[in-house]
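Take a look at the structure set out below.
The values are calculated or read from the model by the stated rules, or taken from the named source; none is laboratory data. A quick note: this is a predicted structure, and the numbers were derived from the prediction, not measured. Backbone-built Cβ (ideal geometry, glycine too); neighbour counts: all protein chains shown. Ligands, DNA and RNA are excluded from the accessible area calculation, which covers all protein heavy atoms including side chains. Shrake-Rupley method; radii C 1.70, N 1.55, O 1.52, S 1.80 Å.
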Amino acid sequence: SALPTLAAYRLTAYSGSCLRCCAHGHGLAGNRAVAGHARHRSAAAVFQTAWTLLTADEAHTLARCALFWGGFTLAAAQAVAAATPATLEALVQKSLLRQVNDARYAMHDLVRQFACEQLALDAAATHATHAAHAAYFSELWGALRSALRESGPRAAAREALANGIARFGAALLE
C-alpha cells in the first residue's frame, strides 16, 4: 500500500524541516525575533533549566514523544519512545506532558518545539525515532485494515477504521 510509504515520506520531510529550523537558528532558543524579547529569552531559559533537571529516561521519552502532534497513547509512546508509565507520569508531574484522559497524553506546542530541538541534536536518535514513529503508524494502519477484513462490515470495526484513518490523516497533515 502507498499509505505507509507516504507516512514515512511525510515523517522524513518533517524531520528535515525540524533539523533545518534548528540549524538556522529558528528554534525556540535561537529565534532572532524571540531573542529580542527578554520574556521569550526567559521562557527558553526555563525550558533549558527544566531539561537539565530531567533524568536520562525522562529526557529520552520527552524528546521522542515530540513527534506526536495530536497527542498520543501509552502504546504509541512505548513503541516510539520506549516510554514507561512511570516515566510518562513523572513528565506529567513536572508539567511537561498533560494527561488528557485515561488513554491519551498531550504536549504543549512550546514544549514540543524545545523537545524537538533537543532530539535534533542527535541525528541518529532523530532518524531512529522517525523510523519507529512511521513503523508504529504503519502497523496500526495494517491492524485496522485486517480487523475490517476479518469482521466484515460490523459497526465496531468500521468505527475503529474511521478513527484510525482520522488519526493517520491528522499525522500526515501536521
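Give me the pairs: first residue in the range 72-90 and free of Cβ contacts under 8 Å to residues at least 12 places away in the same chain, second residue surrounded by fewer than 18 Cβ atoms within 10 Å (Cβ to Cβ) and in a helix (DSSP H, G or I), beta-carbon distance under 7 Å, and six or more apart or on different chains, which are they?
What qualifies is Pro85/Leu74.
Kindly evaluate Leu53 against the criterion of being under 12 Å from the mean Cα position of the chain (by Cα) and of a type outside the set (S, T, N, Q).
no
Conditions (1) over 11 Å from Ala66 (Cβ atoms); (2) β-branched (Val, Ile, Thr); (3) in contact with a helix residue (DSSP H, G or I) (Cβ under 8 Å, 6 or more places away or on another chain), marked per residue:
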| site | (1), (2), (3) |
| --- | --- |
| Ala79 | yes, no, yes |
| Ala82 | yes, no, yes |
| Glu89 | yes, no, no |
| Leu97 | no, no, yes |
| Val111 | no, yes, yes |
| Gln118 | no, no, yes |
| Ala125 | yes, no, yes |
| Tyr136 | yes, no, yes |
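Could you please find all residues in the range 47-76 being in contact with a strand residue (DSSP E or B) (Cβ under 7 Å, 6 or more places away or on another chain) and either over 19 Å from His130 (Cβ atoms) or modelled with pLDDT under 95 (or both)?
Taking the range 47-76 as the starting set, the residues that turn out to be in contact with a strand residue (DSSP E or B) (Cβ under 7 Å, 6 or more places away or on another chain) are 65, 71-73.
The answer is Gly71, Phe72, Thr73.
For the range 107-136, what are the residues that are of a type in the set (A, V, I, L, M), open to solvent by 70 Å² or more (accessible area, probe 1.4 Å) and not in a helix (DSSP H, G or I)?
The answer is Leu121, and nothing else.
Looking only at the range 59-98, how many residues end up being of a type outside the set (Val, Ile, Thr), in a helix (DSSP H, G or I) and open to solvent by less than 10 Å² (accessible area, probe 1.4 Å)?
8
Could you tell me which numbered condition Arg145 fails, if it satisfies all but one of (1) modelled with pLDDT under 90; (2) in contact with a Gly (Cβ under 9 Å, 6 or more places away or on another chain); (3) buried (at least 17 other Cβ atoms within 10 Å of the Cβ); (4) not small (Gly, Ala, Ser)?
That leaves (3) as the condition not met.
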